[in-house]
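The values are calculated or read from the model by the stated rules, or taken from the named source; none is laboratory data. Bear in mind the structure is a predicted one, so any value in this text is a computation, not a measurement. Every residue, glycine among them, receives a Cβ derived from its backbone with ideal geometry; neighbour counts consider all protein chains shown. What goes into the accessible areas is simple: the full protein's heavy atoms, side chains included, and nothing from ligands, DNA or RNA. Shrake-Rupley method; radii C 1.70, N 1.55, O 1.52, S 1.80 Å.
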Amino acid sequence: MFIVGSSILLVPAALATHAKQDAWISACLGVAIGLLIVAMLCAAGSRFRALTLVEACKALLGSRFGSAVALLVIVHSFLLSVFMLRYIGDFMATQIMPETPVQAIHILFIALVVLACKYGLETFARSAEIFLPWIVLFLVALALFVAPQIKADN
(Lines give C-alpha, C1' and ligand atoms only; values in the text may rest on other atoms or scores of the structure.)
Protein backbone atom coordinates (compact mmCIF):
# COMPACT_ATOMS: atom_id res chain seq x y z
CA MET A 1 0.00 0.00 0.00
CA PHE A 2 2.89 2.34 0.78
CA ILE A 3 4.47 1.66 -2.60
CA VAL A 4 1.21 2.35 -4.43
CA GLY A 5 0.76 5.65 -2.62
CA SER A 6 4.30 6.83 -3.10
CA SER A 7 4.41 5.78 -6.73
CA ILE A 8 1.25 7.76 -7.49
CA LEU A 9 2.45 10.90 -5.70
CA LEU A 10 6.18 10.94 -6.48
CA VAL A 11 7.18 8.92 -9.49
CA PRO A 12 5.21 10.40 -12.41
CA ALA A 13 6.49 13.98 -12.06
CA ALA A 14 10.13 13.00 -11.54
CA LEU A 15 9.98 10.43 -14.32
CA ALA A 16 8.40 12.80 -16.85
CA THR A 17 10.89 15.55 -15.98
CA HIS A 18 13.92 13.48 -16.90
CA ALA A 19 12.68 10.91 -19.40
CA LYS A 20 10.12 13.06 -21.26
CA GLN A 21 8.48 11.00 -24.07
CA ASP A 22 10.45 7.88 -23.08
CA ALA A 23 9.00 7.81 -19.56
CA TRP A 24 7.12 4.60 -20.34
CA ILE A 25 10.43 2.78 -20.91
CA SER A 26 11.71 3.92 -17.53
CA ALA A 27 8.45 2.89 -15.88
CA CYS A 28 8.63 -0.61 -17.41
CA LEU A 29 12.27 -1.02 -16.34
CA GLY A 30 11.40 0.20 -12.85
CA VAL A 31 8.59 -2.34 -12.53
CA ALA A 32 10.87 -5.16 -13.73
CA ILE A 33 13.66 -4.22 -11.33
CA GLY A 34 11.16 -3.78 -8.50
CA LEU A 35 9.72 -7.25 -9.11
CA LEU A 36 13.22 -8.74 -9.02
CA ILE A 37 13.88 -7.01 -5.69
CA VAL A 38 10.55 -8.27 -4.32
CA ALA A 39 11.43 -11.82 -5.41
CA MET A 40 14.83 -11.52 -3.71
CA LEU A 41 13.27 -10.20 -0.49
CA CYS A 42 10.63 -12.96 -0.51
CA ALA A 43 13.34 -15.60 -0.92
CA ALA A 44 15.37 -14.09 1.93
CA GLY A 45 12.25 -13.81 4.08
CA SER A 46 11.30 -17.44 3.56
CA ARG A 47 14.87 -18.58 4.22
CA PHE A 48 15.23 -16.57 7.45
CA ARG A 49 11.64 -16.80 8.63
CA ALA A 50 12.38 -16.59 12.36
CA LEU A 51 14.91 -13.72 12.19
CA THR A 52 14.38 -9.98 12.38
CA LEU A 53 15.60 -7.71 9.60
CA VAL A 54 18.82 -6.89 11.44
CA GLU A 55 19.49 -10.55 12.27
CA ALA A 56 18.82 -11.60 8.66
CA CYS A 57 21.20 -8.94 7.33
CA LYS A 58 23.89 -10.11 9.73
CA ALA A 59 23.32 -13.76 8.75
CA LEU A 60 23.50 -12.96 5.03
CA LEU A 61 26.27 -10.34 4.98
CA GLY A 62 28.30 -10.88 8.12
CA SER A 63 28.30 -8.95 11.36
CA ARG A 64 29.79 -5.59 10.35
CA PHE A 65 28.50 -5.26 6.80
CA GLY A 66 25.11 -6.71 7.78
CA SER A 67 24.78 -4.19 10.61
CA ALA A 68 25.67 -1.36 8.24
CA VAL A 69 23.13 -2.51 5.65
CA ALA A 70 20.45 -2.94 8.33
CA LEU A 71 21.18 0.57 9.63
CA LEU A 72 20.92 1.96 6.09
CA VAL A 73 17.60 0.19 5.56
CA ILE A 74 16.22 1.56 8.83
CA VAL A 75 17.44 5.11 8.13
CA HIS A 76 16.11 4.92 4.56
CA SER A 77 12.70 3.73 5.80
CA PHE A 78 12.54 6.52 8.37
CA LEU A 79 13.53 9.22 5.86
CA LEU A 80 11.15 7.88 3.23
CA SER A 81 8.28 7.92 5.71
CA VAL A 82 9.10 11.51 6.68
CA PHE A 83 9.22 12.58 3.03
CA MET A 84 5.96 10.78 2.30
CA LEU A 85 4.31 12.51 5.26
CA ARG A 86 5.41 15.83 3.82
CA TYR A 87 4.21 14.96 0.29
CA ILE A 88 0.86 13.71 1.55
CA GLY A 89 0.41 16.84 3.64
CA ASP A 90 1.28 19.11 0.73
CA PHE A 91 -0.99 17.21 -1.65
CA MET A 92 -3.94 17.21 0.74
CA ALA A 93 -3.45 20.86 1.67
CA THR A 94 -3.24 22.07 -1.92
CA GLN A 95 -5.65 19.76 -3.76
CA ILE A 96 -8.27 18.47 -1.34
CA MET A 97 -8.42 20.73 1.73
CA PRO A 98 -6.83 24.09 0.85
CA GLU A 99 -8.18 25.85 3.95
CA THR A 100 -6.69 23.28 6.33
CA PRO A 101 -3.21 23.93 7.75
CA VAL A 102 -0.69 21.34 6.61
CA GLN A 103 0.32 20.72 10.24
CA ALA A 104 -3.20 19.46 11.04
CA ILE A 105 -2.98 16.97 8.18
CA HIS A 106 0.45 15.84 9.39
CA ILE A 107 -0.88 15.33 12.93
CA LEU A 108 -3.82 13.30 11.58
CA PHE A 109 -1.58 10.98 9.57
CA ILE A 110 0.92 10.60 12.42
CA ALA A 111 -1.97 9.68 14.72
CA LEU A 112 -3.06 7.00 12.23
CA VAL A 113 0.47 5.58 12.13
CA VAL A 114 0.65 5.56 15.95
CA LEU A 115 -2.68 3.75 16.14
CA ALA A 116 -1.53 1.21 13.55
CA CYS A 117 1.63 0.60 15.59
CA LYS A 118 -0.34 0.34 18.82
CA TYR A 119 -2.83 -2.21 17.51
CA GLY A 120 -0.24 -4.24 15.66
CA LEU A 121 0.49 -5.68 12.27
CA GLU A 122 -2.71 -7.73 12.06
CA THR A 123 -4.92 -4.62 12.22
CA PHE A 124 -2.81 -2.88 9.60
CA ALA A 125 -2.91 -5.94 7.33
CA ARG A 126 -6.68 -6.27 7.69
CA SER A 127 -7.21 -2.64 6.77
CA ALA A 128 -4.92 -3.09 3.76
CA GLU A 129 -6.96 -6.15 2.80
CA ILE A 130 -10.11 -4.02 2.87
CA PHE A 131 -8.64 -1.10 0.89
CA LEU A 132 -6.63 -3.03 -1.72
CA PRO A 133 -9.62 -4.04 -3.90
CA TRP A 134 -10.81 -0.43 -3.95
CA ILE A 135 -7.39 0.84 -4.94
CA VAL A 136 -7.09 -1.76 -7.71
CA LEU A 137 -10.60 -0.86 -8.91
CA PHE A 138 -9.72 2.85 -9.06
CA LEU A 139 -6.44 2.17 -10.89
CA VAL A 140 -8.20 -0.04 -13.45
CA ALA A 141 -10.91 2.62 -13.91
CA LEU A 142 -8.21 5.25 -14.41
CA ALA A 143 -6.50 3.12 -17.05
CA LEU A 144 -9.81 2.49 -18.84
CA PHE A 145 -10.73 6.19 -18.88
CA VAL A 146 -7.30 7.16 -20.20
CA ALA A 147 -7.24 4.40 -22.85
CA PRO A 148 -9.20 6.38 -25.50
CA GLN A 149 -6.45 9.02 -25.44
CA ILE A 150 -3.73 6.51 -26.37
CA LYS A 151 -2.26 7.11 -29.82
CA ALA A 152 -0.97 3.78 -31.08
CA ASP A 153 0.80 5.48 -33.98
CA ASN A 154 3.23 7.11 -31.55
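So here's what we get for this one:
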quantity: Evaluated over the stretch 49-117, the Cα radius of gyration and Dmax, each in Å; calculated: 17.2, 52
quantity: Residue-span extension gain [SER46 to MET84] - 0.36 nm each, minus C-alpha spacing; calculated: 10.8 nm
quantity: The stretch 1-124, accessible area per residue, ligands and nucleic acids excluded (1.4 Å, Å²); calculated: 76
quantity: About the Cα centre, charge dipole magnitude for the chain (Lys/Arg +1, Asp/Glu -1 at Cβ), debye; calculated: 460
quantity: Hz values of 3J(HN,Hα) by residue in the stretch 99-107 - Karplus curve (6.51, -1.76, 1.60), Gly and Pro given as x; calculated: 7, 8, x, 4, 5, 5, 5, 4, 4
quantity: Positive-end extreme of charge dipole, the chain - chosen from ALA13, LEU85, PHE145 (charges on Cβ); calculated: LEU85
quantity: Computed [θ] at 222 nm, helices only, for the chain once each DSSP H run of length n ≥ 4 contributes -39500 (n - 2.57); calculated: -27000 deg cm²/dmol
quantity: Percent carbon-and-sulfur accessible area, the chain, ignoring ligands, DNA and RNA, probe 1.4 Å; calculated: 74
quantity: For the stretch 101-154, alpha-carbon Rg and Dmax in angstrom; calculated: 17.7, 53
quantity: VAL82 - accessible surface, heavy atoms, 1.4 Å probe, Å² rounded to 10; calculated: 60
quantity: Given (i) 1.09; (ii) 0.98; (iii) 1.27, the label whose value is Cα Rg over 2.2 N^0.38 Å derived from this model; calculated: (iii)
quantity: Linear extension gain, ALA23 paired with LEU112, 0.36 nm per residue minus alpha-carbon span; calculated: 28.6 nm
